[in-house]
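Here's the structure we're looking at; comments come further down.
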Amino acid sequence: MSATIERPYLLTSVGKKMVMGITGLIWAGFVFSHMAGNMLILVSPEAYNTYGHMITSGVIVYPAEFILVLSFLLHVGCAVSLVRGNMSARGGQRYAMPTNGEKAVTPASKTMAIHGSLILAFIISHIATFKYGIYYETTAHGVVMRDLHRLVMEVFRQPGFLFWYLLCLILLGFHLSHGVGSIFQSLGIRNDRMAPVINKVSVLYGLIVALGFIVQPLYVFFTLGNR
């Protein structure tokens with residue numbers, strides 16, 4: 001008889017879902033804080049540039065970026081692995097019988113892979129445009145820093161980029177509306193009694209984050225962009 005070799009916990013489907021839950025929680029917290037910071041563009045250029053300088057300077061930025069990148073790679077890697085495993089287990093076929101009620105498959109959950117891929121393209125575009133984009137310099141409160149406000153003003157005056165940005169933010173809202181609820185399930189703290197509340201909180205969170213991010217480009221395009 002040959003002994004059965006058990007796979008490490010993190011390589012099992014349950015372990016991968018746990019990793020997805022933890023990494024998803026990290027990114028859910030990051031996107032909310034980033035969205036809130038972007039709202040400073042409604043206050044003043046100085047406030048916005050000071051915020052941008054704060055999150056891109058100092059020694060903490062490097063470990064923070066490392067954690068975010070690692071979390072993102074683990075999240076995507078586990079997601080791809082789970083999808084491939086599920087497809088393999090079903091012989092490449094969809095489920096024969098759709099679920100109903102609280103366990104029904106929502107449009108957001110059925111298209112997670114699609115808008116997840118588009119969000120990946122959006123993140124790459126966002127980093128290339130703003131983190132590694134044109135460098136303007138300004139001074140705020142006696143500190144020389146990057147003039148992100150000027151860059152944002154120039155970028156969001158472009159209708160093509162604005163449309164792409166808004167499309168991806170809407171998809172991000174859909175992704176979060178399902179993803180945040182999945183975090184609770186992946187971490188094993190979701191049950192039938194809590195499910196309705198968690199679903200509502202997840203949808204509300206996705207809506208708040210998406211709308212919060214959308215405010216910035218629309219404000220620039222329709223208000224500041226016309227000056």
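The values are calculated or read from the model by the stated rules, or taken from the named source; none is laboratory data. On a predicted model such as this, the values are computed, not experimentally measured, just so you know. When we count neighbours, we look across all protein chains shown, and the Cβ atoms used for this are built from the backbone with ideal geometry, even at glycine.
Just the residues that are in contact (Cβ under 8 Å) with a residue 40 or more places away in the chain, closer than 19 Å to N38 by Cβ and surrounded by fewer than 17 Cβ atoms within 10 Å (Cβ to Cβ), please, taken from segment 132-149. Residue satisfying the conditions is T138 alone.
Here is the figure for segment 28-63: residues that are within 15 Å of the chain's Cα centre (by Cα) and modelled with pLDDT under 90 total 0.
Remark: pairs (first residue in segment 157-170, closer than 18 Å to S117 by Cβ; second residue of a type in the set (G, A, S); Cβ separation under 6 Å; 6+ apart in sequence or on different chains) = L169/A210. For segment 58-87, the set of residues classified as touching a residue at least 60 places away in the same chain (Cβ under 8 Å) and more than 26 Å from I170 (Cα to Cα) consists of G85 only. Looking at this structure, is Y9 at pLDDT below 90 and in contact with a Gly (Cβ under 6 Å, 6 or more places away or on another chain)? Here the answer is yes, as Y9 does meet what is asked.
If you check G188 against the conditions, is it of a type in the set (G, A, S) and surrounded by fewer than 14 Cβ atoms within 10 Å (Cβ to Cβ)? Here the answer is yes, as G188 does meet what is asked. Scan segment 150-163 and tell me whether some residue there is within 21 Å of M18 (Cα to Cα) and in contact with a Ser or Thr (Cβ under 7 Å, 6 or more places away or on another chain). Checking segment 150-163: not a single residue is within 21 Å of M18 (Cα to Cα) and in contact with a Ser or Thr (Cβ under 7 Å, 6 or more places away or on another chain).
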